[in-house]
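Every number in this text was worked out from the coordinates using simple rules, so none of it is lab data. Predicted, not measured: the structure shown is a model, and the values here were computed from it. Cβ coordinates were reconstructed from backbone atoms using ideal geometry, including for glycine residues, and neighbour counts include every protein chain displayed.
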Amino acid sequence: MFWRPLLRLLLVLCILVTIFVYVWGHQADATRATLLVTMVIAALTAVYAVLTFEIVLQNQKMTEAASESASFMERSLRFSYAPNLIFVTLVTKDPTLASESNFTPYKNEDYSRACKDLPEGEHGTEFVFAVVRNVGKGPATKVQVKAQYDVKEKTNPNYNFTVTREASAALVEPNSAIALIIHVARSPSDGDHAQLILANLSCGDYYRDALGEPPQEHSFTDANNTVKVNDDCRLKAR
C-alpha cells in the first residue's frame, strides 16, 4: 500500500523537474516568470497536501486496526471471565446438601421451616431444590431466580398444586451454586413428581456492571431443565 503515495510523489517531482528545466532553458519575461513561480508554489503545496492526506489515511487505518484489536481483546477477556449459569432440579434426602459439591442452600423462611419441622431420625423425607450453578470462569453478580413447579403428591389432600419460589444472591462464584428449596415430600411414593413449569434467571458480571449494561436474562422450561435425583429417592423430577 505504500507504493501508491510514493508513485504520486515521484509524479509530482517529475512535473516540477520538467518545469524547472523549461524555465532554465528558455527566456521568459517577468509576467511569465511570476506565473511559473506561482505554478511551482502551487505544485509544492499540492505535494504537501498529498503527503498530508496519505498520512491522515494511514493514521485512520492504524486507529481502526487498534480499535478492532482492542475490541477483540475485550471480547476475549470478557468471554474468558464471564459467568455461565445452568439450572438444575435436584431431589435429595439431605437438606444440608453436604454431599453435593459447593451447593449452598438459600436460607429463606421456607428452608428454615423445612429443616425445623424435620423430625429426629427421619430418613424418608425428600427435598426438591431448584439449583442455579455457575460453570463459567467468572463470578455472576446480582443473581435473581424465580422458579415455578407443578407438584403431584398422592398423600397431599390437594394432590396436584403449583409452587412458586424466588431467590437472589449478590455473588455466585465459579464452580459454586445456590439451591432454592421448592418442595418437601414427607411421605413420597411412586407416581409423585415435581415438574418445572418455568424458571426465569437474570445475572450480571463485573464488566457488565462497570459499563452499566442491563443483566442477562435466561429462561428454562421442562425441555431444557437438567434433573438430578439421588439413587435412594422415590420422588421423580422432570
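Residue exposure proxy: Met62, Met39, ordered by other Cβ atoms within 10 angstrom of their Cβ from fewest to most, comes out as Met62, Met39. Computed extension length for Arg186-Leu44: 41.7 nm, one decimal, from 0.36 nm per residue of separation with the Cα-Cα distance subtracted.
Using the Cβ-Cβ distance between Gln58 and Ile15 with R0 = 30 Å, the FRET efficiency computed as 1/(1 + (r/R0)^6) comes to roughly 0.80.
Electrostatic bookkeeping for Ile86 treats Lys and Arg as +1 and Asp and Glu as -1; over the other residues with beta carbon under 13 Å from its beta carbon, the sum is +2. Taken about its Cα centre, the range 97-238 carries a charge dipole of about 140 debye when Lys and Arg each add +1 at the Cβ and Asp and Glu each add -1 at the Cβ.
Return the FRET efficiency for the residue pair Lys236, Lys137: r is the Cβ-Cβ distance, R0 is 41 Å, and the value is rounded to the nearest 0.05. Computed FRET efficiency for Lys236 and Lys137: 0.75. Legend: calculated FRET efficiency, Leu7 to Ser67, from the Cβ-Cβ distance at R0 = 35 Å, rounded to 0.05, equals 0.75.
Summing Lys and Arg as +1 and Asp and Glu as -1 over all other residues whose Cβ lies under 15 Å from the Cβ of Lys236 gives a net charge of -2. For Lys142, a cut-off of 24 angstrom between C-alpha atoms picks up these lysines, skipping any fewer than 8 places away in its own chain: Lys107. Phi-derived couplings, Karplus 6.51 cos²θ - 1.76 cosθ + 1.60 at θ = phi - 60°, listed residue by residue for the range 125-134: 5, 10, 10, 9, 10, 9, 10, 10, 10, 9 Hz, with x used for Gly and Pro.
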